[in-house]
Amino acid sequence: MALSKRASDSDISMLATSASRYVRDSLPRYEMPENSIPKEAAYQIIHDELLLDFKPKLNLASFVTTLMEPECDKLIMESINKNYVDMDEYPVTTELHNRCVNMIARLFHTPLGKSEDAIGVGTVGSSEAIMLAGLAFKRKWQNKRKAEGKPFDKPNIVTGANVQVCWEKFARYFEVELKEVKVTEGYYVMDPAKAVEMVDENTICVAAILGSTYNGEFEDVKLLNDLLLEKNKQTGWDTPIHVDAASGGFIAPFIYPELEWDFRLPLVKSINVSGHKYGLVYAGIGWNIWRSKDDLPEELIFHIKYLGAEQSTFTLNFSKGSSQIIAQYYQLIRLGEEGYKNIMENCHENAMVLKEGLEKTGCFEILSKDDGVPVVAFSLKNKKGGHDEFEVSEMLRRYGWIVPAYPMPADAQHVIVLRVVIRAEFSRTLAERLVHDITAVLHELEKLPPKVNSESKEVHVNVEENGSSGVVSKRKSDLETQKEITTYWMNYVSAQKEIKRQKVMAS
């Protein structure tokens, strides 16, 4: 008769991972474990925990690419062990980087000769690119002020209040005053006229956004350039422009080719763009392009020799993976202008499908523009019962969607918006499904009782008086507030059960 025996530590590899002691015990979270575990167990434990993340494709808060072709995925894995900074050891990778810089520079109409090399650098994203561009502007301004014998200790930069947080980081980290043009309700980007008014002799540059994070809108770089040219002429200054094209840099050249926002404008001295957004590469790649060599002070470039040969570098970090650079080159030659144009047009069309679907509900005001980054920003017209955009965002998570809700920037903070970013991997079917699920959420909200504000002990109720309807706030006692909260959740649970019952009957 065969006898069973307990598995020992020596033959633990014979057991299925799901039966091993490694999935029965909690692993340390704050200290390294004393002993090793089998590779299969380590993989399974981490894999299972990561299942709790949302699906990247349904994360509509992010501009970052989440899907690439298998052939590019293969190239990424083949080069994942290459450190880009070792240029002498990986000369072909360096060459691919330089090809990307030149292709992007010419896409932005950099004034170059046919065989002339562009001035630019690959970064880990637009945040690093903006830091580098800002440093170049600051150093060039300082050098000019020193040569003129003028103070150079109070540099400032002019932006809209709608800029991404990396601009605030640059200002704080590198001691530059950030002068923000406030937005207004209905106009959620930087006003060029107001920006030029804020420019003074200490302004190192004005930053314009080609694709606002808040609603995808393009700022009017052409008007900014023209107004600033006139002010420079009147004052004798030479205040330049930087264009933050993190989101719009790979969109405008293909579907708005006549729009003047890039190096066609004389005051635009540098442009950053995110390869990992509409450049269609996974997270971890950005680019900064300078108009000419004169716009990048030589003293910011370091020349190192300890990696085998003299190399020039201008980055905030040192080591960096090569995979995303190679992936960017793959996309540029694989898609070409034709492919990028088709993809950007498709993104725009899907954004319009979503926008029209939201408008048909009659419940939303659209705050994004048809021209710009394919983003749909919208807010509730009427917040019945105190239910707001944050509640819509939270309820959409139950359907698997990540749709952020947030306030607009300074001087328009009272406006709350929901925002959907349409990426290349977001299909027409998904756009239509999202409209369906948002409509379902609206119906759920209608069935819920008025929302209780437990802090102020007030509840919003609908009333009719003298033939007119409206919303008033009535003060509640502690007991009434507690009863209202209890009733709210009882009705909420009942509504959810009814929704589930209807779904079962429909299926």
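Brief remarks on what is shown
- Under-5 Å amide H pairs with Phe364, H placed in peptide plane, nonlocal only: Lys381
- According to the calculation over all Cα-Cα pairs in region 59-203, the P(r) per 10 Å bin from zero is 9, 24, 32, 23, 11, 1 %.
- Relative contact order (%) - region 237-289, alpha-carbon pairs under 8 angstrom, separation at least six: 40 percent
- Surface per residue (accessible, 1.4 Å probe) for region 387-432, Å²: 36 Å²
- In Å², nearest 10: area of Ser319 left accessible to a 1.4 Å probe: 70 Å²
- Note on region 374-419: with neighbouring protein chains present and a 1.4 Å probe, carbon and sulfur make up 50 percent of its accessible heavy-atom surface.
- Cα→Cβ-extended label distance, 7 Å offset, between Lys231 and Glu394, nm: 4.3 nm
- Taking amide H positions as modeled 1.01 Å from N, with prolines and chain starts lacking one, the residues under 5 Å from Val85 and 5 or more places away or on another chain are Lys320.
- Asn346 paired with Met32, simple spin-label distance in nm, labels 7 Å along Cα-to-beta-carbon: 4.6 nm
- The Cα atoms of region 118-276 cover 47, 33, 31 Å along the three principal axes, with the biggest extent listed first.
- Going by accessible surface with a 1.4 Å probe and the largest first, Asp388, Asp53, Asp88 read Asp53, Asp88, Asp388.
- Extension reserve of the Leu178-Ser427 stretch, reckoned as 0.36 nm per residue once the Cα distance is removed: 85.7 nm
- Per-residue ³J(HN,Hα) for region 360-366, Karplus 6.51 cos²θ - 1.76 cosθ + 1.60, θ = phi - 60°, Hz, x for Gly and Pro: 5, 5, x, 9, 10, 9, 7
- Karplus-derived 3J(HN,Hα) values for region 328-339, using 6.51 cos²θ - 1.76 cosθ + 1.60 with θ = phi - 60°, are 5, 5, 4, 5, 5, 8, 5, 8, x, 4, 4, x Hz; glycine and proline are entered as x.
- In a fully extended conformation the segment linking Asp48 and Ile301 would gain 86.6 nm over its present Cα-Cα distance, using 0.36 nm per residue.
- Accessible area ranking (1.4 Å probe, heavy atoms, ligands and nucleic acids excluded), largest first, for Trp287, Trp141: Trp141, Trp287.
- Solvent-accessible area of Arg264, all protein chains in place: 80 Å² (probe radius 1.4 Å, heavy atoms, ligands and nucleic acids excluded).
- Gyration tensor verdict on region 364-454 (Cα atoms; rounded if a/c is under 1.5, prolate if a/b is larger than b/c, oblate otherwise): oblate
- Accessible-area composition of region 121-276, carbon plus sulfur, in percent [1.4 Å probe]: 51 percent
- Available extension along the chain between Ala193 and Asn83 is 35.1 nm, counting 0.36 nm per residue and deducting the alpha carbon span.
- Per-residue SASA entry for Tyr90, accessible area with 1.4 Å probe, Å² rounded to 10: 70 Å²
- Placing Leu223, Leu354 in order of accessible area, with the largest value first and a 1.4 Å probe, yields Leu223, Leu354.
- Between Glu201 and any residue 5 or more places off or on another chain, the built amide H atoms are never under 5 Å apart.
- Remark: region 55-134 carries 49 Å² of accessible area per residue (probe radius 1.4 Å; ligands, DNA and RNA excluded).
- Shape analysis of region 22-132 places it in the prolate category; the axes a ≥ b ≥ c from the Cα gyration tensor give an a/c of at least 1.5, with a/b above b/c.
- The loop-placed chymotrypsin sites (Phe, Trp or Tyr not before Pro) in region 22-64, going by DSSP, that have at most 12 neighbouring Cβ atoms within 10 Å of their Cβ come out as Tyr30, Phe54.
- Pairs from Lys154/Lys369; Lys169/Lys269; Lys140/Lys231; Lys154/Lys233; Lys114/Lys169; Lys57/Lys451 whose Cα-Cα separation, in the structure shown, is over 27 Å: Lys154/Lys369; Lys114/Lys169; Lys57/Lys451
The values are calculated or read from the model by the stated rules, or taken from the named source; none is laboratory data. Just so it is clear, the model here is predicted, and its values are computed rather than measured. Neighbour counts are summed over all protein chains in view; Cβ atoms, including those assigned to glycine, are modelled from backbone coordinates with ideal geometry. We work out accessible area using only protein heavy atoms, side chains counted, and drop any ligands, DNA or RNA first. Shrake-Rupley method; radii C 1.70, N 1.55, O 1.52, S 1.80 Å.
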